[in-house]
Structure formats: structure tokens, C-alpha cells
Amino acid sequence: MNLSAVDIVIIVVYILLVFLSGTLVKKYIKDIENFLVAGRSMGFYLGIISLMCTEIGMITYIYYAELGFKAGFAALIVAFPPVLVYLLLGRTGFVIKPLLEMKISTIPEFFSRKYSNGVRFYIGVIMAIGGILNFGVFPGVEANFINIVTGIPHNYILVTMVVMLTIVLLYTLVGGMVSVIVTNYVQYALLSFGMIFITVYGIYDIGWSNIVNAVSENLGEKGMNPFFPNALDSQFGIGFFIWQFLLWVAILVGWQAISMRLFSSKDTKTGQRIYSWSALMFLSRAILPIFWGIMALAVLGKDVNSLDALPYFVLKIVPSGILGLIFAALLAASMSTYASYLLSWSSIVSQDIIGAIYKKIAGKEASSKKQLLISRITIAGVMIFIIWWSLFHDMKGYLYFYLNMTAMLFIPGVLASVVLGLYWKKASTWGAYTAITLGAILPLLYLIWPLQVKEYASEIGWGGFIVAFAGMALGSYFEFFISPKKRKEVA
């Protein structure tokens, strides 16, 4: 066992506090709006903390650290597109302001209002597939991290996943978004301590010159310069930056775990402020763990499995006693993300897929009480699937790219349909169907043949957005020309 008695006590106390928080807020969960978007009452400061905790999980540290371990300082460029996008959307209100004013609970709900219930159902299915496949690798990767740090044998990885997810499942089922938001206070404090300690202590223990030399010796100029050999042909060049910029615009609009935070804010102004001020926090979210991966390269060398680099690095440099706090911080990050993602993707399934089927059969929407029950059952179902997927999915290539491409299954179509649906009068139902379908094709190629097409990841990325917007335009114009009713609506 790698953890001391003090470490174990710290971790157990934290888990008990988390579970207690979920049971304490149970009395406030009276309907589906409280459960999914916390009654739309989240303020500015809590909104920033909650958004940050949602989008920093153990998986976040691992995939960013893998980038740093394999690509060196060149990987730091990945940190800047989300900062620019958060500032752009927060300051201008582009897309997010009209969505906030609509007071929707899920992005597919926008599709039923703008287009049709059929489009809502269609995008709900694709969002659920992409989101759950994205989420599906979390348990295996994070359980492996936990087993390495704690010393639990790898044979018990399934047990680790089940225990970790069961804890999260219980307090999420009980408290929904309110439970997630309440626990974010403790999680934020632990996260801040953990991120600062690992970074400062790592530089002190290893030495800056040793870190730089490790990248130079193991990766050469490619590890120092993101635009090597030139800005067009490099892995992290202009094409990559354009793809990431578009991806983050789409994520901030259509990624359910983030948009649910937006929809939980008490008013439009608060939602925009949350996005604006989250920019700097998301800069540190990427830069620090990428740098941990670089330090892991200096400490461990390049002959370590890239996804194992971070846990072995943490285990090697963090002193006993402090390790418990660091581990609790990482566990805090993971549990917050799990709770939010379970709630987010299950809400798509329960509200936009099962809810649509129920309405079609019954001729009316399910009562709030039934929706709440369906949501809780769906959360449990999603948890079972991601455990299965983590056990049997064989990860190939960068974990970061896998996560991006699973999101790309629906994100380009969502962005095209939402942006043009809000700002272009001719955007139509057929256009939405076409945008969603075409936008999913290129990323699907990457997920099927990751090793064969990995050199074209950036082209697949920005290309997915181009074909999605083209699909919206072509589908809408086609419907416009053959449908007198559509021409009358636009006129």
C-alpha cells in the first residue's frame, strides 16, 4: 500500500463529507428543474467554481499530462483556444445570451423550439452516443491512476471503478445539480491546493534546467516548438488551432455538462460573467497538468506508458502525508466531473429521447415526478454502460484526440444548427438534419481508424465544422425552394 494511515484518513473523511452533502440537500429537490438546473439560482462566484470543478477531473489531468509527456512544451498551445473562446462568448453574449433568455434545460430543447421534435430526438440520440462514448473511458483510465497511486493491484481495477462510481451515483441520484454545486466548494479548495503544490514542488524538486534538458534530449525541436517544421505541417500548427477554436465555441454552446452550468445561472448577465471570468481559470486547467507531464518525462524518462506517467510522477515526488491531500484533491476533481457528466448525459437520454418517446405514445409530457424517476434510472443505466466500455475499449493514439473526436460526433452539427438557427431566418428542419448528419461523418472515420488517419486529425476537426455549416445551408435552401410554407414563414 502506497498510502500512509494519515493519507487514508484524509481520503475517507473527504468521501464522507461528499456523501453527507448529497443527503443534506435532498429536501430541496422537489421537481425536475431543481434536479437538473438547480432551480436556475446559481450565482456568479459559485458558477465559476462549479464550472471549473466540472471541467477538471482526474481524466483532465491525465490527458493533458499525456500531451506534455509525449509532445513537450509544444503541447502548451492547446491551453489558449478555450481562453479566447470564453472571453469572446462571455463578453459579446454571442449565442449564449439568446439561449439563456429562452430558459431551456438542455440544448436539444432548443431544437424542438426552433425546428421540430424529430430534430430534437435525432440530435438527442447522437449527443447521447457521443457524450457517453466520451465519458465511457473515464472509469478505466482513472481507476488505473488510483490503483497505481494507492498500490491496489491492477487485477482489482473493476472493483475500483465500481466503488468510485457508486459513491458518485448515490449522492448525484439524491441531490442532482444542487448536490453537485454544494460539493464544489470543498472540491475547489482541494483542487487549488493540489494543482499549486504539484507544480511548485515539482519544479523545486526536479530543477528547471533538468526539465528543459529532458524535453530537448527526448523530443528535440519538435518538443520545444509547436510549429515545427512549419506552421502548416506541424501537429499543433494553424490547422490545429483553427480546429480547437471552433471546437471550443461548439463545446461552450453544446456540451451538456458546461451548458447545464450556464442554464443554472440566475440570469443572463450572470451567465455571461461566468464565461468571461472562467477564461483565466481554464488557462491554468490546461497549462499546469501539461507541465506535470513534461516534469514526468524528466523524472521517469520516455519508456513509461504515457497514460501511466502522471500517477507514477505524483507517487514519486509527493511526500507521504501530503499524498493524501493531493489524492483527495484529484478524487475531488474526478467525483465532481463524474457527477456532472452522469447528470448531463442522462438528462439528454431521459428528457430528449425517452421523454420524446413518452410524449409520442401518451400524447403529453410526463409529469415532473415521472421525469425525475426516469432521470434517476437513466443515471444508473449510464453508469453501468461506462463501466463496461472502460473494460473493453482499447485506447489508441492520444487520449486527448479520442475525447475531442467523440465530442465531434455531434458538436459541429449542434454549432451549425444553433448559430444559424438563432441568426439566420432561413435555417430549417431539413438543414438541421443535414448539418447533424454530415458533421458526424469525418470524426466517425477517426474513431473507426484512429491510427490510419491520425496525421489528419486537424483536417478532420475543422473539416467537420465546414461540412456541418454547408449541410445546414444546403438542406435549408433545398427545403426553402420546394416548400411554399417555408417560403411564407421566411417572408
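The values are calculated or read from the model by the stated rules, or taken from the named source; none is laboratory data. Just so you know, these numbers come straight off a predicted model, no measurement behind them. Backbone-built Cβ (ideal geometry, glycine too); neighbour counts: all protein chains shown.
Here is how the numbers come out for the structure above:
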{"item": "Top-ranked residue in the stretch 242-271 [being charged (D, E, K, R) and in a helix (DSSP H, G or I); ranked as farthest from SER417 (Cα to Cα)]", "result": "LYS269"}
{"item": "Some residue of the stretch 412-425 being in contact with a Phe, Trp or Tyr (Cβ under 7 Å, 6 or more places away or on another chain), aliphatic (A, V, I, L, M) and not assigned by TED's automatic domain parsing to the domain that holds ILE466", "result": "no"}
{"item": "Leading residue by the ranking (surrounded by the fewest Cβ atoms within 10 Å (Cβ to Cβ)) among those in the stretch 398-410 that are farther than 19 Å from TRP345 by Cβ and under 14 Å from the mean Cα position of the chain (by Cα)", "result": "TYR400"}
{"item": "Qualifying residue in the stretch 274-288 (condition: touching an Asp or Glu at 6+ places or on another chain (Cβ under 8 Å) and among the basic types (Lys, Arg))", "result": "yes"}
{"item": "Selection count where residues are within 30 Å of SER105 (Cβ to Cβ) and either surrounded by fewer than 22 Cβ atoms within 10 Å (Cβ to Cβ) or of a type in the set (Phe, Trp, Tyr) (or both), scope the stretch 222-245", "result": "2"}
{"item": "Residue among GLU455, GLU479, GLU489 that is at pLDDT below 90, over 30 Å from ILE167 (Cα atoms) and in contact with a Ser or Thr (Cβ under 7 Å, 6 or more places away or on another chain)", "result": "GLU479"}
{"item": "Test for MET127: is it within 18 Å of the chain's Cα centre (by Cα), hydrophobic (A, V, I, L, M, F, W, C) and under 30 Å from GLY381 (Cβ atoms)", "result": "yes"}
{"item": "Residue within the stretch 421-432 that is in a helix (DSSP H, G or I) and under 24 Å from GLY239 (Cβ atoms) present", "result": "no"}
{"item": "Selected residue [at pLDDT 85 or above and either assigned by TED's automatic domain parsing to the domain that holds PHE327 or not charged (D, E, K, R) (or both)] from ILE132, ILE157, ILE152, ILE104", "result": "ILE132"}
{"item": "Lone qualifier among ARG113, ARG120 - being assigned to a helix (DSSP H, G or I), touching a residue at least 40 places away in the same chain (Cβ under 8 Å) and basic (Lys, Arg)", "result": "ARG120"}
{"item": "Cβ-Cβ under 9 Å pairs, at least 6 apart or on other chains, the stretch 293-312 side at positive phi and surrounded by fewer than 22 Cβ atoms within 10 Å (Cβ to Cβ), far side among the acidic types (Asp, Glu) and at pLDDT below 95", "result": "none"}
{"item": "Yes/no for ILE290 being in a helix (DSSP H, G or I) and at pLDDT 95 or above", "result": "yes"}
{"item": "ALA65 vs. criteria at pLDDT 95 or above, of a type in the set (A, V, I, L, M) and farther than 16 Å from ALA189 by Cβ", "result": "yes"}
{"item": "MET395, sole failed condition from (1) surrounded by fewer than 18 Cβ atoms within 10 Å (Cβ to Cβ); (2) part of a helix (DSSP H, G or I)", "result": "(2)"}
{"item": "Sole exception among (1) crowded, with 24+ Cβ neighbours inside 10 Å; (2) more than 23 Å from PHE241 (Cα to Cα) for GLY439, by number", "result": "(2)"}
{"item": "Residue that is farthest from PHE44 (Cα to Cα), among those in the stretch 227-263 that are of a type in the set (S, T, N, Q) and either under 19 Å from the mean Cα position of the chain (by Cα) or in the same structural domain as LEU415 (by TED's automatic domain parsing) (or both)", "result": "GLN244"}
{"item": "Boolean, ILE274 is over 23 Å from LEU420 (Cα atoms) and at pLDDT 85 or above", "result": "yes"}
{"item": "Leading residue by the ranking (nearest to ALA286 (Cα to Cα)) among those in the stretch 74-98 that are over 20 Å from the mean Cα position of the chain (by Cα) and touching a residue at least 12 places away in the same chain (Cβ under 8 Å)", "result": "ALA74"}
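This table checks each residue for (1) surrounded by fewer than 18 Cβ atoms within 10 Å (Cβ to Cβ); (2) part of a helix (DSSP H, G or I).
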site: ILE274; (1), (2): no, yes
site: ARG285; (1), (2): no, yes
site: ILE326; (1), (2): no, yes
site: ALA339; (1), (2): no, yes
site: ILE353; (1), (2): no, yes
site: ILE357; (1), (2): yes, yes
site: LYS364; (1), (2): yes, no
site: GLN371; (1), (2): no, yes
site: ILE374; (1), (2): no, yes
